[in-house]
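Data block below; observations after.
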Amino acid sequence: MSQAPPAGAPRRNGEVSHWMAADTTADPTPVEAPEPLPEDADLVVVGGGLTGLWTAYYARQRRPDARIVVLEAARVGYGASGRNGGWMSTLLPGNRAVYARRAGVAPVVAFQRALIETIDECLAVLEREGIEAHQVRGGQLSVARTEAGLARLRAAREGHLRFGYTPEEVELLDGEGFGARVAVDGALGGLYFPATVRVDPARLTRGLARVLRAQGVTVCEGTRVTGVAAGEVTTTRGVVRTRDTAICVEAYSAALLGGRTVIPVNSSVVVTEPLPAATWDRIGWAGQECLNDAAHTFVYCQRTADGRIAIGGRGAPYRYASGLTGDGEVPLATVRALEGRLRSFFPGVELPLAHAWRGSIGVTRDWCAGVHHDPVTRVAVVRGYAGHGVTAANLAARTVLDRLDGVASPLTALPWNEHDSGRWEPEPLRWLGVHGMYRLFGAADRWEERRGSTRTSLLARVGSRLAGLHE
Ligand SMILES: Cc1cc2nc3c(=O)[nH]c(=O)nc-3n(C[C@H](O)[C@H](O)[C@H](O)COP(=O)(O)OP(=O)(O)OC[C@H]3O[C@@H](n4cnc5c(N)ncnc54)[C@H](O)[C@@H]3O)c2cc1C
C-alpha cells in the first residue's frame with residue numbers, strides 16, 4: 001500500500017518530473033528491453049537529452065545513410081531535458097562578459113543573435129516533424145518586486161542591448177504594464193522578451209526521440225556508457241565501434257569527463273493542480289508567458305497548457321562531491337520554500353500542489369558553456385549550459401556537427417567553441433563555495449526587501465564574485 005503524503009505536501013514527489021509522468025505520448029519501448037546494440041556506427045551520441053537528440057537529428061538530416069546511435073543510460077528525458085521549466089528562452093548559456101573578455105564583444109553579439117534565431121529554428125522543426133510540445137510563443141516576463149530588483153532589470157536591459165538584443169526584443173514595462181499581463185503582487189515593473197517560447201519538456205524531448213526512431217536512428221535506452229576512446233564507445237551492454245562520438249551528458253559529466261569539469265547544481269520545481277477559470281480571471285496570464293523574478297534567489301514559472309502553474313528555484317542547491325538527484329525527490333523544506341514564493345506572487349489564491357521534483361543543471365567553473373572537439377580522437381563534448389540549455393542545445397548540436405565535419409562556419413566561430421572554463425576546486429571547497437554563494441544571495445534578497453533599497457546588496461555582489469557571475 002502506498003503511503004499518503006504528509007499533510008499539505010504534493011501528491012507526488014520525485015518520479016523524474018510531472019512532465020515525464022503526465023506525458024501520454026511516451027514511446028512504448030520499455031527501458032528493460034532496449035533496442036539491440038549495434039556493433040558499428042558512424043556517429044555515437046552519448047546521452048538522450050535535448051543536446052544528444054538534436055545532434056542525432058541534424059546528423060540524420062545531413063547524412064541520410066549514416067548509422068547513428070544514441071546511447072542513454074536511463075531513458076530519453078531522464079535528465080534535465082525531461083525535468084526543466086520549459087523555457088525556450090533567449091538567455092545565453094554563460095556569462096557574456098567572460099566570453100567577451102576572451103573573444104571581444106562582436107562574437108558575443110553574434111552568439112546572442114544565433115541563439116535568438118535558434119528559437120525560430122526549433123519551432124520550424126517541431127512544425128515540420130509534427131511534434132506537439134505545447135509550444136506557445138508567449139514571451140518571457142521578468143518581474144521586479146523591490147526597488148533594487150527594478151534597478152537590476154534596467155541595468156540588465158542595458159547589458160542585453162549592448163550584447164545583441166534589439167530594443168523590441170527586451171521591452172521595459174512599468175508596474176501597470178506588467179500587471180496588465182500577470183497580476184503578480186507588488187510588481188513594480190519588469191522586462192518583456194517576446195521571442196521566448198513555453199514548452200512541455202517531456203513532450204519536446206520524447207517527440208524528438210520518436211522522430212529519430214522513425215527516421216532510422218537507433219536510440220538505445222537503458223544503456224550506460226562507461227568509457228569513450230578514439231573510435232570506440234564502451235557500454236554496460238557491449239562495445240560500439242564508431243567514427244565520431246558526441247558526449248552530451250551535461251550534469252552527469254563527472255563519470256566520463258572527471259569531477260572537476262562540470263558540477264551538478266540542483267534546481268527544484270513544484271506544479272499545482274489545474275486551476276479553475278475563476279482563478280485565471282483573477283491572475284490574468286492569458287499570454288502564457290514564461291515568468292521569473294529579479295531576486296538573487298530567483299524563481300522561474302510557466303502556465304502549463306492544462307492550466308497549472310509550475311514554479312522552480314534553487315533550494316538544496318548542491319550535494320557534497322557532486323552527488324546527483326536520482327529520480328528527483330525534493331526535500332519538504334524546499335517544496336515549502338517554493339510554495340511560499342508562489343503564494344507571495346498570488347496571495348489569497350488557492351494553489352493546491354500536485355507534484356514536486358528536482359534535477360541538476362551542469363555548471364562549469366566560470367558558469368559558461370562550451371562546445372569542444374578533438375580532431376584526433378573525433379570526440380566532441382558539449383557542457384555547462386548552467387540552466388539555459390533548452391534553446392542552446394539545438395545551437396550546440398548544429399555546431400558539434402560542423403566541428404565533426406571539419407566545416408568552418410559562422411557557428412564554429414561562436415565564442416563557446418573551445419571555451420576553457422577552468423576547473424572546479426576539490427572538496428570541501430566546492431561545497432563551501434556553492435552553498436556560501438546561495439546563502440549570500442538569500443541574505444541579499446532579505447536585506448533589499450527590508451530596506452526598500454534601490455541598490456543591489458553588497459552581499460549579492462560578493463556572492464556573484466565568488467561564483468564568477470558578475471558582468
Ligand atoms: C529543474 C530544471 C529546470 C530547468 N529549466 C530550464 C528552462 O526553463 N530553460 C532552459 O533553457 N534550461 C532549463 N534547465 C536546463 C536544461 O534543462 C538543460 O540545460 C538541458 O536540458 C540539458 O540537456 P542535455 O541533453 O545536455 O542534458 P540532459 O537532459 O541532462 O541529458 C543527459 C542525458 O545523459 C544521460 N546519461 C548520463 N550519463 C550517461 C552515460 N554515462 N551513458 C549514457 N547516458 C548517460 C542521462 O540519463 C540524461 O538523460 C533546467 C534544468 C533543470 C534541472
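The values are calculated or read from the model by the stated rules, or taken from the named source; none is laboratory data. As the structure is a prediction and not an experimental result, all values here were calculated from the model. Please note: Cβ atoms are built from the backbone with ideal geometry, for glycine as well, and neighbour counts cover all protein chains shown.
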Consider only pairs whose beta carbons are under 7 Å apart and that are at least six residues apart or on different chains; among these, list those whose first residue lies in segment 381-394 and is of a type in the set (Lys, Arg) and whose second residue is in a loop (DSSP other than H, G, I, E, B) and surrounded by fewer than 24 Cβ atoms within 10 Å (Cβ to Cβ). Arg383/Thr261
Which count do you get for residues in segment 1-32 that are assigned to a loop (DSSP other than H, G, I, E, B), within 16 Å of the ligand (Cβ to nearest atom), at pLDDT 90 or above and surrounded by fewer than 18 Cβ atoms within 10 Å (Cβ to Cβ)? 2
Evaluate the following for Pro93: is it surrounded by fewer than 21 Cβ atoms within 10 Å (Cβ to Cβ), within 22 Å of the chain's Cα centre (by Cα) and farther than 17 Å from Val299 by Cβ? no
Filter segment 190-222 for residues that are among the β-branched types (Val, Ile, Thr), outside any loop (DSSP other than H, G, I, E, B), within 14 Å of the ligand (Cβ to nearest atom) and more than 12 Å from Leu50 (Cβ to Cβ) and give the result. Val197, Thr218, Val219
Taking the condition of a type in the set (Lys, Arg) and surrounded by 15 or more Cβ atoms within 10 Å (Cβ to Cβ), does Arg128 pass? no
Which residues, counting only those in segment 380-406, are within 19 Å of Asp420 (Cα to Cα), basic (Lys, Arg) and more than 11 Å from the ligand (Cβ to nearest atom)? Arg403
Return only the number of the condition from (1) surrounded by fewer than 20 Cβ atoms within 10 Å (Cβ to Cβ); (2) at pLDDT 95 or above that Leu257 does not satisfy. (2)
Has segment 303-312 got any residue that is among the polar types (S, T, N, Q), within 11 Å of the ligand (Cβ to nearest atom) and part of a loop (DSSP other than H, G, I, E, B)? no
Matching option when the condition is closer than 30 Å to Gly179 by Cα, modelled with pLDDT of 95 or more and touching a Leu at 6+ places or on another chain (Cβ under 6 Å), among Gly312, Gly307, Gly348: Gly307
Would you mind listing the strands (runs of 3 or more DSSP E) fully within segment 238-293 where at least 3 residues are of a type in the set (Gly, Ala, Ser) and within 16 Å of the ligand (Cβ to nearest atom)? none
Given Ala321, Ala277, which one is at pLDDT 95 or above and surrounded by fewer than 17 Cβ atoms within 10 Å (Cβ to Cβ)? Ala277
